[in-house]
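Everything below concerns the one structure shown next.
Bear in mind these aren't lab numbers, they're just calculated from the coordinates by the rules spelled out. The structure displayed is predicted, hence computed values, not measured ones. Cβ: placed from backbone, ideal geometry, glycine included. Neighbour counts: every protein chain shown.
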Amino acid sequence: MEKTQANTRINELRDILNDASRRYYVENMPTMSDYEFDMLLKELEALEAQYPELVTPDSPTQKVGSDLAATKPAKRKVAEPRKEFEQYPHRYPMLSLGNTYDITEVQAFADRAAKGIPAEETALVPFSFSCELKFDGTAICLTYKNGRLTRALTRGDGTIGDDVTENVKHIANIPQTLKGSDWPEEFEIRGEIYMPWSAFDRLNQERERDEEQPFANPRNAASGSLKLIDSKMVANRGLECTLYHMLGEDLPFSTHDQALNKAAEWGLPVSDKRRICSTISEIEEFIKYWDAERKTLPFATDGIVIKVNQMQYQEELGYTAKFPRWAVAYKFKAEQALTRLNSIDYQVGRTGAVTPVANLEPVLLSGTVVKRASLHNADQMELLDIHVGDYVYVEKGGEIIPKITGVELSQRPADAELPHFPETCPDCGAVLVRDEQEAKAFCPNQSGCPTQIKGKLVHFLSRKAMNVIAGDATIEQLYNKGLVWNPADFYELEKEHLLGLEGWKDRAAERFLKSLEDSKNTPFERVLFALGIRHVGETTAKSMARHFKNIDAMSTASREDLLAVDDIGEVIADSVLAYFADGVNTDTIERLKAAGLRFEVEKEAEQLSDTLKGMTIVISGNFSISRDQMKALIAAHGGKNSGSISGKTTFLLAGEKAGPEKLKKAESLGVRIITEKEFLEEILHEIPDQVGNDDPDTSLRGASATWQSEDFKETLF
Ligand code: IVH
């Protein structure tokens, strides 16, 4: 290719790759497969090798992908909570791995590595490779000091990472203290946090039910979960960790294998699916074995990592700007299975969307037997040119059920039949309408189509919505008897109604009615979610409730008002407008209001002043009031609380027994350290009578007396 042409293509490739990288690492919504990405990257590498003068330091060939949310991502339809994490530099750069899909390149790597070490040395210490699974998750770097976990950083941009220590503490198989006592005083151990298939399927099932965008793959689910706002929620995501690389000064090991074995003795999660190989044929054997066997693993692996085992040789081989020269990743192509398409069902969801679902001849894929797969919509069926009776390729994608990615035309039977997407609702017979934006067919009979009505009722009572104890069968029974049709009907049920139903006894009826009564205290954001407005999942409902504060402001909001809400894009705004334009819905809301459900947010703590506006404050140690009260006090005066110190910290508010680490960090960054007394007197000017008392103890007691006055308690707590 000529230079000007190459330059144009290089720029184009960089734009595509940078965008794909941001979607993948920051937004957790990949736009292309790993294979496509790697092929484009290889094309860019080849062009840059041909014209080295066109290489720039910010080219995707020169840097590792970054998971730091440096720039605000584009508005997303549905958002995972995002948190501003403190960032810290990595002690050792956190690099990526060179990768290949070609076994001959693995051979070339092994040759290159072996030739990089003088023969005299390998004669003394034989060269070997450690072959391991490549875990498909998100990289993590753990620091242990004196046997205790002190910090967990994400890869970030390879140089600095996000501090996710609190979240990592909620991952069950990561120990906070190590067993034994022969660990180095300080060391780092890196690995991967991933989500096993079972947890991934469960999470996406929940998200689909809640109309939230499912995660595209377990890797995105893992990195999204690791960055959740609420650390405790991480515990419910079923994340796991496997550690695969130990680093530190003067580690007492001569091989990588020894280091990992020792780590396992200390209770750290290390994989036992490793093999030390001395020849390329052993490496190939390991790759072939796992390419077949990975289907039976309970988590996703996307390849095999081959590492030089001897630490001294690793050091001698060193690193390029992006990769170690002592390791390489052999990547598997996405896992597929070929099976027969027996028939197609057309399923109506609770919002009326009609989805074609393929019934397949059962086949094993990624550890589970697959019987059904999504065909998404009519366009997709047409694109695939799919016929009933065809042999189809199935892959695990983001949805609860796998997707069909292709048809094996060479195996099409003579009697294969072209399917016809129905024109009417398979449930109520209404003529379907097509939503152009989403290429989906919809049953417009929202308030008359039984599947939609029942689906909405089930959703209304579900755990994350009104959390009423009732199984799907109960709801079906109530619906079939004509007792409930609309969510508001639940609150008009009486004991006699229930006792008239088959199988209902006193206790069950009372329990159900009590649960309904209790649900009246459900916070507004969950009531909003329970209404089942299309595209308004849990997260969007939260944002909307916070923004509008009550249902009246929401129901009269214009499109522009809606678009001003965080995380609301055009699709959601239009759906909300359509919901409130329908009289059936506004009547339901009025009836639910009359029943006593909450349609406004609870009153927030009163703002006392904006003295601390724009300040980021870290607190450490004990104060004369509880730490939560201190945090509330800061917030009430307009300040922002932060868990750890960085350049952005305005000051460290240090109480008694303030953490020495925090004090040291504040000093090293030049962050001002102030006492409780200074905070009160000089900053908040809050001490009345006792000011002037030089004895810090008594003045502090005075201050706390002021803060804890009844007035203060009332405004804040
Ligand atoms: S070793 C200096 N071992 O794959 C690099 N990495 O695509 C040391 N990964 O950046 C990394 N399984 O996040 C290593 N067994 C394994 C791995 C592994 C997954 C990840 C890691 C790496 C990425 C490269």
With 10 angstrom as the radius, rank Phe460, Phe651, Phe599 by how many other C-beta atoms surround their C-beta, starting from the fewest.
Phe599, Phe651, Phe460
Output the relative contact order of the chain, whole-number percent, from Cα pairs under 8 angstrom with separation of 6+ residues.
10 percent
Can you list residues whose amide H is under 5 Å from Val370's amide H, if they're 5+ apart or on another chain and H is modeled 1.01 Å from N?
Val363, Leu364, Leu365
Summing +1 per Lys or Arg and -1 per Asp or Glu among the other residues with Cβ less than 14 Å from Tyr393's Cβ gives -1
Counting helices only, and only those DSSP H runs with n ≥ 4, report the 222 nm mean residue ellipticity of the chain as the sum of -39,500 (n - 2.57) divided by its residues, in deg cm²/dmol to the nearest 500.
-10500 deg cm²/dmol
How far, in nm, would the chain grow between Asn146 and Glu206 when pulled straight, counting 0.36 nm per residue and subtracting the alpha carbon separation?
17.6 nm
Please go through the range 295-325 and write out the chymotrypsin sites (Phe, Trp or Tyr not before Pro) that DSSP classes as loop and that have at most 13 other C-beta atoms within 10 Å.
none
Please give me the summed charge of the neighbours of Ala113: other residues whose Cβ is under 12 Å from its Cβ, Lys and Arg +1, Asp and Glu -1.
+2
DSSP beta bridges in the chain, what fraction antiparallel, as a percent rounded to 5?
85 percent
Contour minus end-to-end for Asp518 and Ala172, with contour as 0.36 nm per residue of separation and end-to-end as the Cα-Cα distance?
121.3 nm
Report the extension gain between Arg627 and Lys593 in nm, rounded to one decimal, defined as 0.36 nm multiplied by the number of residues separating them, less their alpha carbon distance.
8.5 nm
Please give, to one decimal in nm, the separation of the simple spin-label points placed at Thr104 and Asp38, each 7 Å out from Cα toward the Cβ.
1.7 nm
Fewest-first ranking of Thr474, Thr8, using other Cβ atoms within 10 Å as the exposure measure
Thr8, Thr474
Which of rounded, prolate, oblate describes the chain, given a ≥ b ≥ c as roots of the alpha-carbon gyration tensor eigenvalues and a/c under 1.5 marking rounded, otherwise prolate only if a/b is larger than b/c?
oblate
Of Lys307/Lys331; Lys179/Lys273; Lys613/Lys665; Lys631/Lys657; Lys63/Lys295; Lys227/Lys648, which pairs sit farther than 25 Å apart, going by alpha carbon to alpha carbon?
Lys63/Lys295
For an R0 of 35 angstrom, estimate the FRET efficiency from the Cβ-Cβ distance between Leu669 and Ala6 and round to the nearest 0.05.
0.20
Ranking request for peptides 535-543, 448-456: highest mean number of other beta-carbon atoms within 10 Å first, then the rest in descending order.
535-543, 448-456
Selection from Leu499, Leu531, Asn550 lying farthest towards where the dipole of the range 464-550 points positive, charges on Cβ
Asn550
Cys residues of the chain counted as unpaired, since no other Cys beta-carbon is under 4.7 Å:
Cys131, Cys141, Cys241, Cys277
When we measure straight from the Cα of Lys495, which lysines land under 24 angstrom away, once same-chain ones fewer than 8 places off are left out?
Lys454, Lys456, Lys481, Lys505, Lys514, Lys520, Lys593
Within 12 Å, Cβ to Cβ, of Pro52, how many net charges do the neighbouring residues add up to if Lys/Arg are +1 and Asp/Glu are -1?
-2
FRET efficiency, 1/(1 + (r/R0)^6) with R0 51 Å, evaluated for Asp272 and Gln347 via beta carbons
0.75
Just report the Cα centroid separation between the range 191-239 and the range 147-187, whole Å.
20 Å
Going by how many other Cβ atoms sit within 10 Å of their own, how do Ser620, Ser181, Ser225 line up, fewest first?
Ser181, Ser620, Ser225
Computed ³J(HN,Hα) along the range 175-187: with the Karplus parameters 6.51/-1.76/1.60, θ = phi - 60°, integer Hz and x for glycine or proline, the list is x, 8, 10, 8, 7, x, 8, 8, 7, x, 4, 9, 7
